[in-house]
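Trainee: So that we are looking at the same thing, I have put the structure below in structure tokens.
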Amino acid sequence: MIVEPKVKGFICITAHPEGCAESVRRQAAYVKSRRQEGAQGPKRVLVIGASTGYGLASRISAAFGCGAATLGIMFEKEASEKRTATPGFYNTRAFEQLAAAEGLYAKTINGDAFSDEIKDRTIAQIKEELGTVDMVIYSLAAPRRTDRDGTVYTSVLKTTGEEYTNKTLDLRTNGISQVTVPSATAEEEAATVKVMGGEDWREWIRRLSGAGVLAEGALTLAYTYIGPKITHPIYFNGTIGMAKKHLEQTALAMREEFREQKLRAYVSVNKGLVTQASAAIPIVPLYMSLLYRVMKDKGLHEGCIEQMERMFRERLLLPEIPTDEEGRIRMDDYEMRADVQEAVERAWDAVTTENVKEYADIDSFHEDFYHMFGFGYDNIDYTKDVDIL
Ligand code: NAD
């Protein structure tokens with residue numbers, strides 16, 4: 001089949017298998033090029049949400065930066081005769097092949113991470129093939145969660161106070177328009193915390209520990225975002241922000257709960273980047289395309305893989321993990337630098353549909369978007385037939 005991008009709203013419903021493999025190859029090559037000889041690190045890593053974005057970049061950093069065995073959990077669709085698989089499916093296949101070529105254990109369980117069934121399967125597989133895990137990365141970005149009793153909770157991207165109006169970028173026309181983000185009901189806020197908060201992360205850790213497959217002194221991480229004031233009503237103080245606060249509280253609570261096992265639980269504040277999860281948030285794409293321009297001009301731009309490789313090398317692998325006063329790992333240090341934020345604020349006030357190309361790096365935003373689905377790589381011939389299965 002000749003596979004072309006088919007974009008619907010903020011998602012592309014096709015994915016190119018060779019392009020996805022190229023994206024994983026590039027990320028692995030980047031990590032390998034920065035690998036320090038003799039670097040110590042985790043050896044058996046479980047990544048929950050391992051197939052795209054930050055979870056995939058974490059998995060690649062653990063495997064190719066530290067030589068770790070990795071077990072990944074993902075929720076991806078396989079291809080059919082007529083339909084391509086989701087990008088995470090192709091990414092994972094490519095990752096497993098690259099890892100195997102280097103003699104690294106790399107296996108993946110495809111299913112709903114919130115379910116007991118997948119947790120049990122994961123534990124059984126760890127017992128059988130790895131013994132224990134010494135790192136657990138929790139990088140789920142999920143729209144909904146089906147609970148044990150069958151209740152479905154859906155996360156929403158709304159404010160928790162007044163509705164909020166600000167500029168946004170229309171990704172189809174590249175025009176600047178106004179968007180109003182409505183305020184959530186208490187029920188919607190609670191559902192978002194249920195899906196994206198720390199409850200399921202804690203459940204994973206409890207079960208892994210209870211089954212004796214969590215090594216003493218293991219490190220567990222989940223990811224959050226803070227960002228600038230303009231996005232606070234929709235992100236940091238919005239429904240998703242409430243879930244993220246719950247995630248932070250969970251990290252602290254788990255340190256207490258698993259004190260005897262010397263569990264090291266952290267939340268890392270990552271940089272805002274184009275991923276399948278973040279492209280869906282109103283206002284954020286405009287902020288990010290302005291940020292891309294500023295950070296590129298200053299030589300500070302990083303994608304998922306640069307962030308995660310740096311997190312391992314300059315944070316996780318140090319004898320003591322550096323944190324802010326709230327105990328969080330800060331990988332958003334470049335994004336939040338005063339000079340970067342001042343430049344973005346100036347651009348935010350000035351940007352209009354007429355001058356958007358001057359202020360916003362829309363091309364990079366689009367390039368990153370297409371790359372996520374395996375499109376836009378100059379060394380892939382997209383006119384050629386490709387096996388999608
Ligand atoms: P993403 O959409 O690229 O990845 C989500 C992953 O979760 C995929 O591997 C997917 O298969 C998996 N997944 C989703 N639902 C699942 C389920 N029910 N069972 C099993 N796997 C499931 O998202 P991302 O942007 O990399 O986000 C990962 C984490 O990083 C999130 O917590 C997000 O809030 C956080 N974060 C993102 C940004 C950003 O700008 N993208 C910034 C800071 C923090």
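Only the coordinates and a few stated rules stand behind these numbers; no lab work does. What you see is a predicted model, and the numbers here were worked out from it, not measured in a lab. Cβ: placed from backbone, ideal geometry, glycine included. Neighbour counts: every protein chain shown.
Trainee: Arranged by the count of other C-beta atoms within 10 angstrom, fewest first, what order do SER115, SER268 take? List each step's numbers first, then the result.
Mentor: Values: SER115 15, SER268 26.
Fewest to most other Cβ atoms nearby, the residues stand as SER115, SER268.
Trainee: Here's something else I'd like to know. May I ask you to sort ARG346, ARG255, ARG145, ARG59 by Cβ crowding, counting other Cβ atoms within 10 Å and putting the fewest first?
Mentor: Values: ARG346 13, ARG255 16, ARG145 21, ARG59 32.
With the fewest neighbours first, ARG346, ARG255, ARG145, ARG59 line up as ARG346, ARG255, ARG145, ARG59.
Trainee: Relative contact order for the chain using alpha-carbon pairs under 8 Å, separation at least 6, rounded to a whole percent? All intermediate terms of the calculation are to be shown ahead of the outcome.
Mentor: Values: 727 pairs, mean separation 84.4, N = 389.
Contact order relative to length: 22 percent.
Trainee: Could you order peptides 199-210, 327-338 by the average number of other Cβ atoms within 10 Å of their residues, highest first? Don't jump to the answer; show the numbers that get you there.
Mentor: On the way: 199-210: 19.1, 327-338: 17.3.
Descending packing order for the listed peptides: 199-210, 327-338.
Trainee: Considering only the chain, what is the antiparallel percent among its DSSP beta bridges, to the nearest 5?
Mentor: On the way: 12 of 40 bridges.
Counting DSSP beta bridges with both partners in the chain, the antiparallel share is about 30 percent.
Trainee: For ASP381 paired with ARG255, estimate the spin-label separation in nm (one decimal), with each label point 7 Å from Cα along the Cα-to-Cβ line.
Mentor: With each label placed 7 Å out from Cα toward Cβ, I get 5.6 nm.
Trainee: So what is the calculated 222 nm ellipticity per residue for the chain, using -39500 (n - 2.57) for each DSSP H run with n of 4 or more, over all residues, to the nearest 500 deg cm²/dmol? Let's see the in-between values first.
Mentor: Values: 12 runs with 142 residues, N = 389.
Rounded to the nearest 500, it is -11500 deg cm²/dmol.
Trainee: Would you please give the residues with an amide H less than 5 Å from that of VAL181, counting only those at least 5 places away or on a separate chain, with H modeled from the backbone geometry?
Mentor: TYR164, THR165, ASN166
Trainee: Can you give me the long-range amide H partners of THR108? Hydrogens built in the peptide plane at 1.01 Å from N, cutoff under 5 Å, separation of 5 or more residues or another chain.
Mentor: Distant-sequence amide H within range of THR108: GLY72.
Trainee: Say the cut-off is 30 Å between C-alpha atoms; which of LYS77/LYS229; LYS158/LYS271; LYS107/LYS229; LYS77/LYS119; LYS82/LYS296 go over it? Let's see the in-between values first.
Mentor: On the way: LYS77/LYS229 37 Å; LYS158/LYS271 21 Å; LYS107/LYS229 40 Å; LYS77/LYS119 19 Å; LYS82/LYS296 39 Å.
Over 30 Å apart, Cα to Cα: LYS77/LYS229; LYS107/LYS229; LYS82/LYS296.
Trainee: Under 1.5 on a/c is rounded, so check that first for the chain, then, if it is not, pick prolate when a/b is larger than b/c and oblate when it is not; a ≥ b ≥ c are the square roots of the alpha carbon gyration tensor eigenvalues. Spell out each step's value before the answer.
Mentor: On the way: a/c = 1.42, a/b = 1.19, b/c = 1.19.
Judged from the Cα gyration tensor, the chain comes out rounded (a/c under 1.5).
Trainee: Work out the charge dipole of the chain with +1 on the Cβ of Lys and Arg and -1 on the Cβ of Asp and Glu about the Cα centre, then indicate which of TYR287, VAL7, TYR223 is farthest towards its positive end.
Mentor: TYR223
Trainee: Can you work out the Karplus-derived ³J(HN,Hα) for every residue in segment 198-212? Use 6.51 cos²θ - 1.76 cosθ + 1.60 with θ = phi - 60°, whole Hz, and x for glycine or proline.
Mentor: Values per residue, Gly and Pro as x: x, 4, 6, 4, 5, 4, 4, 5, 4, 5, 4, 5, x, 8, x Hz.
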